[in-house]
Amino acid sequence: MGNALTFLYGRCCSAPPESGGSLGHHGVTPATVGVSALAQDLYNFEITSQVPQGLKQHVVSSRKAQSNWYRKLSDAWREARPPPKTPEEAARLVIQTLKNHQTPDVEGLLAFYGLPLPAALVQLTYEAPPLYPEGVQFELLTLPVDPKAVADGDTITVYVGTTDPREASCVPSDVQVAAVERSQARSHKNYARADQLHQHIIDSGYRVIRVNGEEVLARKYRIRLRGIDAPEGQMPYGQEAKEELVKIVQGKCLRLLVFDEDRYGRAVADVYCNGIFVQEVMLKKGLAWHYTAYDKRPELAKWETHARAKRIGLWASKNPEMPWEWRRERRENNRH
(Lines give C-alpha, C1' and ligand atoms only; values in the text may rest on other atoms or scores of the structure.)
Protein backbone atom coordinates (compact mmCIF):
# COMPACT_ATOMS: atom_id res chain seq x y z
CA MET A 1 0.00 0.00 0.00
CA GLY A 2 1.23 3.56 0.42
CA ASN A 3 3.82 4.66 2.95
CA ALA A 4 1.08 5.67 5.39
CA LEU A 5 0.02 2.12 6.21
CA THR A 6 3.52 0.68 5.97
CA PHE A 7 4.83 3.27 8.43
CA LEU A 8 2.07 2.69 10.98
CA TYR A 9 2.35 -1.06 10.64
CA GLY A 10 6.08 -1.09 11.21
CA ARG A 11 6.16 1.49 13.98
CA CYS A 12 3.06 0.77 16.01
CA CYS A 13 2.09 -2.86 15.61
CA SER A 14 4.63 -4.40 17.95
CA ALA A 15 3.37 -6.26 21.00
CA PRO A 16 1.91 -3.72 23.46
CA PRO A 17 2.85 -3.52 27.13
CA GLU A 18 0.44 -4.84 29.71
CA SER A 19 -2.22 -2.29 30.54
CA GLY A 20 -5.56 -2.02 32.18
CA GLY A 21 -8.89 -1.17 30.61
CA SER A 22 -11.08 -3.06 28.16
CA LEU A 23 -9.27 -4.92 25.42
CA GLY A 24 -10.33 -5.14 21.79
CA HIS A 25 -9.88 -8.07 19.41
CA HIS A 26 -6.14 -7.39 19.05
CA GLY A 27 -5.49 -7.31 22.82
CA VAL A 28 -4.80 -3.57 22.93
CA THR A 29 -6.50 -0.67 24.62
CA PRO A 30 -8.13 1.95 22.38
CA ALA A 31 -5.69 4.50 23.78
CA THR A 32 -2.59 2.60 22.59
CA VAL A 33 -2.40 0.85 19.22
CA GLY A 34 -6.01 0.19 18.21
CA VAL A 35 -5.43 2.52 15.28
CA SER A 36 -2.40 0.50 14.22
CA ALA A 37 -4.39 -2.73 14.41
CA LEU A 38 -6.70 -1.33 11.75
CA ALA A 39 -3.69 -0.09 9.74
CA GLN A 40 -2.17 -3.57 9.94
CA ASP A 41 -5.31 -5.24 8.62
CA LEU A 42 -5.68 -2.71 5.80
CA TYR A 43 -2.04 -3.32 4.90
CA ASN A 44 -2.64 -7.08 4.87
CA PHE A 45 -5.78 -6.62 2.77
CA GLU A 46 -3.77 -4.76 0.15
CA ILE A 47 -1.48 -7.79 -0.11
CA THR A 48 -3.87 -10.72 0.33
CA SER A 49 -7.40 -9.32 -0.36
CA GLN A 50 -8.43 -11.10 2.86
CA VAL A 51 -10.37 -9.51 5.73
CA PRO A 52 -9.72 -10.59 9.36
CA GLN A 53 -11.26 -13.94 10.27
CA GLY A 54 -12.81 -12.76 13.53
CA LEU A 55 -14.67 -9.84 11.96
CA LYS A 56 -17.68 -11.97 10.99
CA GLN A 57 -18.58 -12.35 14.67
CA HIS A 58 -19.06 -8.56 14.96
CA VAL A 59 -20.91 -7.65 11.74
CA VAL A 60 -24.00 -8.82 9.85
CA SER A 61 -23.03 -8.45 6.19
CA SER A 62 -21.36 -11.04 3.96
CA ARG A 63 -17.64 -11.54 3.48
CA LYS A 64 -17.95 -10.02 0.01
CA ALA A 65 -19.41 -6.87 1.57
CA GLN A 66 -16.61 -6.83 4.14
CA SER A 67 -14.04 -6.89 1.35
CA ASN A 68 -15.77 -3.89 -0.19
CA TRP A 69 -15.46 -1.99 3.12
CA TYR A 70 -11.76 -2.71 3.40
CA ARG A 71 -11.18 -1.62 -0.18
CA LYS A 72 -12.92 1.70 0.51
CA LEU A 73 -11.13 2.16 3.84
CA SER A 74 -7.78 1.37 2.27
CA ASP A 75 -8.31 4.07 -0.36
CA ALA A 76 -9.53 6.59 2.23
CA TRP A 77 -6.60 5.87 4.55
CA ARG A 78 -4.11 6.31 1.73
CA GLU A 79 -5.66 9.64 0.71
CA ALA A 80 -5.72 11.03 4.27
CA ARG A 81 -3.00 13.63 4.86
CA PRO A 82 -1.70 12.70 7.35
CA PRO A 83 -3.26 9.30 8.09
CA PRO A 84 -5.26 8.87 11.32
CA LYS A 85 -3.15 8.71 14.46
CA THR A 86 -5.75 8.75 17.24
CA PRO A 87 -8.72 6.46 17.90
CA GLU A 88 -11.09 9.38 17.27
CA GLU A 89 -9.51 10.19 13.91
CA ALA A 90 -9.63 6.54 12.84
CA ALA A 91 -13.25 6.20 13.97
CA ARG A 92 -14.26 9.31 12.04
CA LEU A 93 -12.56 8.00 8.90
CA VAL A 94 -14.44 4.69 9.20
CA ILE A 95 -17.78 6.40 9.87
CA GLN A 96 -17.37 8.90 7.02
CA THR A 97 -16.15 6.28 4.52
CA LEU A 98 -18.90 3.77 5.36
CA LYS A 99 -21.68 6.30 5.99
CA ASN A 100 -24.01 4.62 3.48
CA HIS A 101 -23.65 1.16 5.03
CA GLN A 102 -25.71 -0.50 7.76
CA THR A 103 -25.27 0.90 11.27
CA PRO A 104 -24.71 -2.56 12.86
CA ASP A 105 -21.86 -3.18 10.41
CA VAL A 106 -20.16 0.18 11.05
CA GLU A 107 -20.51 -0.14 14.82
CA GLY A 108 -19.38 -3.77 14.72
CA LEU A 109 -16.27 -2.84 12.75
CA LEU A 110 -15.44 -0.05 15.23
CA ALA A 111 -15.96 -2.38 18.19
CA PHE A 112 -13.73 -5.00 16.53
CA TYR A 113 -10.83 -2.52 16.72
CA GLY A 114 -11.79 -0.95 20.04
CA LEU A 115 -12.48 2.40 18.36
CA PRO A 116 -15.07 4.92 19.63
CA LEU A 117 -18.64 4.33 18.51
CA PRO A 118 -20.59 7.15 16.78
CA ALA A 119 -22.56 7.95 19.93
CA ALA A 120 -19.30 8.67 21.77
CA LEU A 121 -18.10 11.19 19.18
CA VAL A 122 -19.05 14.83 18.82
CA GLN A 123 -21.02 15.12 15.58
CA LEU A 124 -19.40 17.51 13.09
CA THR A 125 -20.81 19.11 9.96
CA TYR A 126 -17.96 18.43 7.46
CA GLU A 127 -19.24 21.28 5.29
CA ALA A 128 -16.67 23.13 3.21
CA PRO A 129 -16.69 26.91 3.70
CA PRO A 130 -17.41 29.27 0.80
CA LEU A 131 -14.37 29.73 -1.41
CA TYR A 132 -14.06 33.37 -0.35
CA PRO A 133 -16.46 34.21 2.51
CA GLU A 134 -17.63 37.77 3.11
CA GLY A 135 -15.12 39.71 5.18
CA VAL A 136 -12.13 37.44 4.60
CA GLN A 137 -8.92 39.34 3.79
CA PHE A 138 -6.79 36.46 2.57
CA GLU A 139 -6.30 32.70 2.73
CA LEU A 140 -3.28 30.77 4.01
CA LEU A 141 -2.34 27.13 3.46
CA THR A 142 0.14 26.07 6.12
CA LEU A 143 2.94 23.57 6.37
CA PRO A 144 2.39 20.70 8.87
CA VAL A 145 1.83 22.11 12.35
CA ASP A 146 4.31 21.40 15.15
CA PRO A 147 2.40 20.43 18.34
CA LYS A 148 4.76 22.68 20.32
CA ALA A 149 3.39 25.62 18.34
CA VAL A 150 0.00 25.40 20.07
CA ALA A 151 0.09 28.01 22.84
CA ASP A 152 -3.37 27.33 24.29
CA GLY A 153 -6.87 26.37 23.19
CA ASP A 154 -7.29 29.28 20.78
CA THR A 155 -3.80 30.29 19.60
CA ILE A 156 -1.43 28.53 17.16
CA THR A 157 1.83 29.47 15.50
CA VAL A 158 1.98 28.27 11.89
CA TYR A 159 4.36 28.53 8.95
CA VAL A 160 3.49 29.14 5.31
CA GLY A 161 5.94 28.21 2.56
CA THR A 162 7.35 31.11 0.56
CA THR A 163 6.48 29.30 -2.67
CA ASP A 164 2.89 30.31 -1.87
CA PRO A 165 1.95 33.00 -4.44
CA ARG A 166 0.99 35.47 -1.71
CA GLU A 167 4.28 35.00 0.11
CA ALA A 168 6.68 34.70 -2.82
CA SER A 169 6.51 38.38 -3.74
CA CYS A 170 7.12 39.78 -0.25
CA VAL A 171 10.10 37.84 1.13
CA PRO A 172 12.71 40.45 2.24
CA SER A 173 15.82 40.37 0.06
CA ASP A 174 18.10 39.91 3.08
CA VAL A 175 16.12 36.82 4.09
CA GLN A 176 16.41 35.38 0.59
CA VAL A 177 20.16 35.98 0.59
CA ALA A 178 20.54 34.49 4.08
CA ALA A 179 18.64 31.36 3.02
CA VAL A 180 20.93 30.84 0.02
CA GLU A 181 24.09 31.48 2.05
CA ARG A 182 22.88 29.16 4.80
CA SER A 183 22.42 26.35 2.29
CA GLN A 184 25.92 26.95 0.96
CA ALA A 185 27.40 27.04 4.47
CA ARG A 186 25.77 23.71 5.31
CA SER A 187 27.05 22.15 2.09
CA HIS A 188 30.57 23.15 3.22
CA LYS A 189 29.84 21.83 6.74
CA ASN A 190 30.22 25.32 8.20
CA TYR A 191 27.41 24.72 10.67
CA ALA A 192 28.28 27.63 12.95
CA ARG A 193 27.84 30.06 10.05
CA ALA A 194 24.68 28.26 8.93
CA ASP A 195 23.20 28.59 12.43
CA GLN A 196 24.08 32.28 12.52
CA LEU A 197 22.31 32.85 9.21
CA HIS A 198 19.29 30.85 10.33
CA GLN A 199 19.02 32.98 13.46
CA HIS A 200 18.86 36.08 11.24
CA ILE A 201 16.10 34.40 9.22
CA ILE A 202 14.19 33.58 12.43
CA ASP A 203 14.59 37.11 13.78
CA SER A 204 13.06 38.35 10.52
CA GLY A 205 9.90 36.27 11.02
CA TYR A 206 10.86 33.31 8.86
CA ARG A 207 12.33 29.86 9.38
CA VAL A 208 13.81 27.05 7.31
CA ILE A 209 11.70 23.95 7.96
CA ARG A 210 12.35 20.40 6.80
CA VAL A 211 9.28 18.92 5.09
CA ASN A 212 9.32 15.49 3.41
CA GLY A 213 13.10 15.49 3.31
CA GLU A 214 13.39 18.96 1.76
CA GLU A 215 14.18 22.31 3.35
CA VAL A 216 11.49 24.96 2.91
CA LEU A 217 11.79 28.67 3.65
CA ALA A 218 8.58 29.62 5.45
CA ARG A 219 6.97 32.69 6.99
CA LYS A 220 5.72 32.66 10.56
CA TYR A 221 2.13 33.59 11.48
CA ARG A 222 0.53 33.64 14.92
CA ILE A 223 -3.13 32.65 14.59
CA ARG A 224 -6.01 33.51 16.92
CA LEU A 225 -9.02 31.26 16.33
CA ARG A 226 -11.87 33.55 15.32
CA GLY A 227 -15.05 33.61 17.35
CA ILE A 228 -14.03 31.52 20.37
CA ASP A 229 -12.25 32.10 23.66
CA ALA A 230 -10.70 29.07 25.36
CA PRO A 231 -9.78 28.87 29.05
CA GLU A 232 -6.34 30.24 29.89
CA GLY A 233 -3.69 27.68 30.83
CA GLN A 234 -4.02 28.34 34.57
CA MET A 235 -7.82 28.06 34.48
CA PRO A 236 -9.87 24.85 34.86
CA TYR A 237 -9.94 23.04 31.50
CA GLY A 238 -7.18 25.27 30.14
CA GLN A 239 -4.80 22.34 29.73
CA GLU A 240 -7.55 20.13 28.30
CA ALA A 241 -8.39 22.79 25.70
CA LYS A 242 -4.76 23.05 24.64
CA GLU A 243 -4.38 19.27 24.43
CA GLU A 244 -7.51 18.97 22.28
CA LEU A 245 -6.27 21.63 19.86
CA VAL A 246 -2.90 19.87 19.67
CA LYS A 247 -4.67 16.59 18.91
CA ILE A 248 -6.65 18.21 16.09
CA VAL A 249 -3.86 20.09 14.30
CA GLN A 250 -0.54 18.35 15.01
CA GLY A 251 1.19 17.26 11.85
CA LYS A 252 -1.65 18.62 9.71
CA CYS A 253 -1.68 21.25 6.99
CA LEU A 254 -4.35 23.82 7.79
CA ARG A 255 -6.53 26.08 5.68
CA LEU A 256 -6.83 29.51 7.29
CA LEU A 257 -9.33 32.18 6.30
CA VAL A 258 -7.98 35.39 7.81
CA PHE A 259 -10.46 38.13 8.65
CA ASP A 260 -8.53 40.55 10.83
CA GLU A 261 -5.46 41.22 12.96
CA ASP A 262 -5.80 41.67 16.72
CA ARG A 263 -3.92 44.12 18.93
CA TYR A 264 -1.24 41.49 19.61
CA GLY A 265 -0.42 41.12 15.92
CA ARG A 266 -2.15 37.75 15.57
CA ALA A 267 -4.11 36.89 12.42
CA VAL A 268 -7.74 36.25 13.42
CA ALA A 269 -8.86 33.30 11.34
CA ASP A 270 -11.32 30.50 10.78
CA VAL A 271 -9.28 27.30 10.86
CA TYR A 272 -10.03 24.17 8.81
CA CYS A 273 -8.25 20.84 9.17
CA ASN A 274 -9.02 17.94 6.81
CA GLY A 275 -12.52 19.33 6.23
CA ILE A 276 -13.19 19.90 9.94
CA PHE A 277 -13.97 23.39 11.23
CA VAL A 278 -11.71 23.56 14.29
CA GLN A 279 -13.80 26.15 16.17
CA GLU A 280 -16.80 23.83 15.89
CA VAL A 281 -14.87 21.00 17.57
CA MET A 282 -13.71 23.21 20.44
CA LEU A 283 -17.20 24.55 21.10
CA LYS A 284 -19.00 21.21 20.81
CA LYS A 285 -16.52 19.57 23.18
CA GLY A 286 -17.09 22.28 25.78
CA LEU A 287 -13.52 23.55 25.62
CA ALA A 288 -14.23 27.15 24.59
CA TRP A 289 -16.80 29.91 24.84
CA HIS A 290 -18.45 31.61 21.88
CA TYR A 291 -16.70 35.01 21.99
CA THR A 292 -19.85 37.08 21.48
CA ALA A 293 -18.08 40.41 22.03
CA TYR A 294 -16.38 39.90 18.65
CA ASP A 295 -18.49 37.29 16.85
CA LYS A 296 -22.24 37.06 16.28
CA ARG A 297 -22.49 33.91 14.16
CA PRO A 298 -25.58 31.92 15.21
CA GLU A 299 -24.00 28.54 14.50
CA LEU A 300 -21.25 29.18 17.07
CA ALA A 301 -23.88 30.18 19.64
CA LYS A 302 -25.81 26.98 18.86
CA TRP A 303 -22.75 24.77 19.31
CA GLU A 304 -21.98 26.33 22.68
CA THR A 305 -25.62 25.96 23.76
CA HIS A 306 -25.60 22.24 22.92
CA ALA A 307 -22.39 21.69 24.93
CA ARG A 308 -23.92 23.57 27.88
CA ALA A 309 -27.05 21.44 27.72
CA LYS A 310 -25.02 18.22 27.75
CA ARG A 311 -22.71 19.55 30.50
CA ILE A 312 -19.67 18.66 28.39
CA GLY A 313 -16.16 19.84 29.24
CA LEU A 314 -16.02 23.08 31.20
CA TRP A 315 -19.83 23.13 31.34
CA ALA A 316 -19.68 20.29 33.87
CA SER A 317 -19.23 23.18 36.30
CA LYS A 318 -22.40 25.10 37.11
CA ASN A 319 -20.76 28.51 36.77
CA PRO A 320 -17.38 28.33 34.98
CA GLU A 321 -15.37 31.53 35.02
CA MET A 322 -15.19 33.28 31.66
CA PRO A 323 -11.63 33.76 30.36
CA TRP A 324 -12.13 37.43 29.47
CA GLU A 325 -13.25 38.12 33.06
CA TRP A 326 -10.33 36.07 34.40
CA ARG A 327 -7.90 38.15 32.34
CA ARG A 328 -9.52 41.44 33.39
CA GLU A 329 -9.27 40.46 37.05
CA ARG A 330 -5.58 39.62 36.66
CA ARG A 331 -4.91 42.97 34.95
CA GLU A 332 -6.65 44.85 37.75
CA ASN A 333 -4.74 42.92 40.41
CA ASN A 334 -1.45 43.75 38.67
CA ARG A 335 -2.22 47.47 38.88
CA HIS A 336 -2.33 47.34 42.67
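Is there a residue in region 274-295 that is within 23 Å of the chain's Cα centre (by Cα) and open to solvent by 50 Å² or more (accessible area, probe 1.4 Å)? Looking for residues that are within 23 Å of the chain's Cα centre (by Cα) and open to solvent by 50 Å² or more (accessible area, probe 1.4 Å), one finds at least one in region 274-295, hence yes.
How many of the residues making up region 46-87 are open to solvent by 40 Å² or more (accessible area, probe 1.4 Å), hydrophobic (A, V, I, L, M, F, W, C) and in a loop (DSSP other than H, G, I, E, B)? Residues flagged as open to solvent by 40 Å² or more (accessible area, probe 1.4 Å), hydrophobic (A, V, I, L, M, F, W, C) and in a loop (DSSP other than H, G, I, E, B) within region 46-87 amount to 1.
Restricting Ala90, Ala149, Ala111, Ala168 to residues that are open to solvent by less than 70 Å² (accessible area, probe 1.4 Å), more than 22 Å from the chain's Cα centre (by Cα) and free of Cβ contacts under 8 Å to residues at least 60 places away in the same chain narrows the list to Ala168. None of Gln137, Gln102, Gln176, Gln184 is open to solvent by 50 Å² or more (accessible area, probe 1.4 Å), closer than 22 Å to Val278 by Cβ and out of contact with any Lys or Arg (no Cβ under 6 Å at 6 or more places or on another chain) except Gln137. Of all residues in region 189-233, those satisfying the criterion of being open to solvent by 40 Å² or more (accessible area, probe 1.4 Å) and within 18 Å of the chain's Cα centre (by Cα) are Arg222, Arg226. Only one of the numbered conditions (1) closer than 21 Å to Gly313 by Cα; (2) more than 21 Å from the chain's Cα centre (by Cα) is not met by Pro104, and that is (1). Residues in region 275-331 that are assigned to a loop (DSSP other than H, G, I, E, B), under 17 Å from Met235 (Cβ atoms) and aliphatic (A, V, I, L, M): Leu287, Ala288, Ile312, Met322. The numbered conditions (1) out of contact with any Pro (no Cβ under 8 Å at 6 or more places or on another chain); (2) farther than 25 Å from Arg263 by Cβ are all true for Ser317 except (1). Of all residues in region 253-273, those being in a loop (DSSP other than H, G, I, E, B) and either touching a Leu at 6+ places or on another chain (Cβ under 6 Å) or open to solvent by 10 Å² or more (accessible area, probe 1.4 Å) (or both) number 6.
The set of residues in region 53-78 that are in contact with a helix residue (DSSP H, G or I) (Cβ under 9 Å, 6 or more places away or on another chain) and among the charged types (D, E, K, R) comprises Lys56, Arg63, Arg71, Lys72, Asp75, Arg78.
The values are calculated or read from the model by the stated rules, or taken from the named source; none is laboratory data. A quick note: this is a predicted structure, and the numbers were derived from the prediction, not measured. Backbone-built Cβ (ideal geometry, glycine too); neighbour counts: all protein chains shown. Just so you know, the surface numbers come from the protein's heavy atoms only, side chains and all, with ligands and any DNA or RNA stripped out. Shrake-Rupley method; radii C 1.70, N 1.55, O 1.52, S 1.80 Å.
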